[in-house]
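Before any comments, here is the structure.
Bear in mind these aren't lab numbers, they're just calculated from the coordinates by the rules spelled out. Because the structure is predicted, anything quoted here is derived from the model rather than measured. So basically every Cβ, Gly included, is an ideal-geometry build from the backbone, and we count neighbours across all protein chains shown.
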Ligand code: UDP
């Protein structure tokens, strides 16, 4: 288990982003929780510090909560390849998808428990009675009990799920459910993903950090300079490129991307369709390739970008195979189409550099696509909407909560419907007035609902509520907690 460093941030840029009224409300709610915690820690526990939406959320919210007086620390669990193969399978089943043909039986359960126990020792050394522990997703779920027995208030925060329960979700929940039982609260991104048996569910949608390298404003010239220098656009200047950002040190982009393409990179003038996602079957990068081909807009270019598969997303063991599948599909495209599309692997060595390149790419896009087959929330969509990009997104999971069709983007009722995706891409590429209207609506939607002030206020309320169930530090050091009645042994 290792702790991720959360460097302090200044509040001023955030106050500017939220406006005075919203900033004041956030400060007052944070002050209340800060007093109630009285120096106790809010621990965040997950399985990766690099890649994916959960890590992105914690890098943004952790330092901001700290600046507001709510001490937040972040721990990442350890696990071996077998553990992450099991948890990947488990996550896919909770998304309603079989994934590989492997089982979630007694052997998998035993390995999951063994890895949990190894992490438990380190967690128990750190957590004190009265702390709050937020356990993210299935990978560290076995530690819910450990944190609870240390006397902490425990929240299990689920970022994934399926809109329609099926045999795979039933199997996934059967594996996971009893690990969750001593939790004080459960939080989901969307009401669609709350399982029927959850006793005290709360819905808190995620948010994006408007001041982070991933989302901060960039001029067109800066975006084009960055994309040229890393080899995504033609005629790039030299690396490194240094870009000032509102929070933290300036970001220096030093590393070129690895591109799978034929010929030179596209010119900055070419309209570009972009999907940025992990290489994961649920993101359906292959489906985007097919839909772009069917859209048949001459002169447009497709970019599919994801993390470097040799990189650090340890909890995502299928990424390399999925990237390879996608590359094979690209190779088999008709010549004309292959020359108008590229697959990019973005270096993950420096996460702020990676985020800035994603920012530039999303800003440069004429159309952004998020053609997921299932989705917890889909931060890539929120990020693109904040940048006023016209978006084509599948109507699944949290994406359905994020945008209304024809107001904030275009929604695909059936995520597998390639002709419908092709038609939506074509509409946005060929109707600039529509694209501009949807982009403006998208920005407004994110400003209203998906910024960290709303998110942290909801968390503060939840933590206050959960703390009512545990004796506070004012009542003296509570001892380790007894199991709630009805909690099963396993
Ligand atoms: N992301 C990234 N580099 C990449 C691909 C994705 O930094 O090469 C980021 C992306 O910008 C977003 C997060 O990873 O912030 C993905 O979150 P999302 O909720 O869209 O999906 P998840 O990966 O959690 O399923």
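So in the chain, what percent of DSSP beta bridges are antiparallel if you round to the nearest 5?
On the way: 9 of 50 bridges.
Within the chain, antiparallel bridges account for around 20 percent of the total.
When the helices in the chain are scored as -39500 (n - 2.57) per DSSP H run of 4 or longer and the sum is shared across all residues, what 222 nm value do you end up with, to the nearest 500 deg cm²/dmol?
On the way: 17 runs with 209 residues, N = 490.
Value at 222 nm, helices only: -13500 deg cm²/dmol.
Ordered by packing density, taken as the mean number of other Cβ atoms within 10 Å over each peptide's residues, highest first, how do 105-115, 135-145 rank? Walk me through the numbers on the way to the answer.
Numbers: 105-115: 14.7, 135-145: 25.0.
The densest-packed peptide leads the list: 135-145, 105-115.
Remind me, what semi-axes does the range 156-251 give for its equivalent ellipsoid, largest first in whole Å, using sqrt of 5 times each Cα gyration tensor eigenvalue? Numbers along the way, then the final one.
On the way: eigenvalues 381, 55, 26 Å².
Sorted largest first and rounded, they come to 44, 17, 11 Å.
When you count, for each residue, the other Cβ atoms within 10 Å and take the mean per peptide, how do 360-369, 293-302 rank with the highest first?
Values: 360-369: 25.2, 293-302: 16.9.
Highest mean packing first, the order is 360-369, 293-302.
When all C-alpha to C-alpha distances in the chain are sorted into bins of 20 Å, what percent of pairs does each bin hold, rounded to whole numbers?
That works out to 24, 57, 18, 1, in percent per bin.
Going highest first, how would you order 375-386, 55-66 by mean Cβ packing within 10 Å? Provide the component values of the computation, followed by the final result.
Numbers: 375-386: 27.4, 55-66: 22.4.
Peptide ranking by packing, descending: 375-386, 55-66.
With the cut-off at 1.5 for a/c, could you classify the range 312-400 from its C-alpha gyration tensor as rounded, prolate or oblate? Each step should come with its number before you reach the end.
Details: a/c = 1.31, a/b = 1.17, b/c = 1.12.
Since a/c stays below 1.5, the shape of the range 312-400 is classed as rounded.
Using the Cα atoms of the range 228-283, I'd like the radius of gyration and the largest Cα-Cα distance, Dmax, both in angstrom.
Calculated on Cα positions, Rg and Dmax stand at 14.1, 38 Å.
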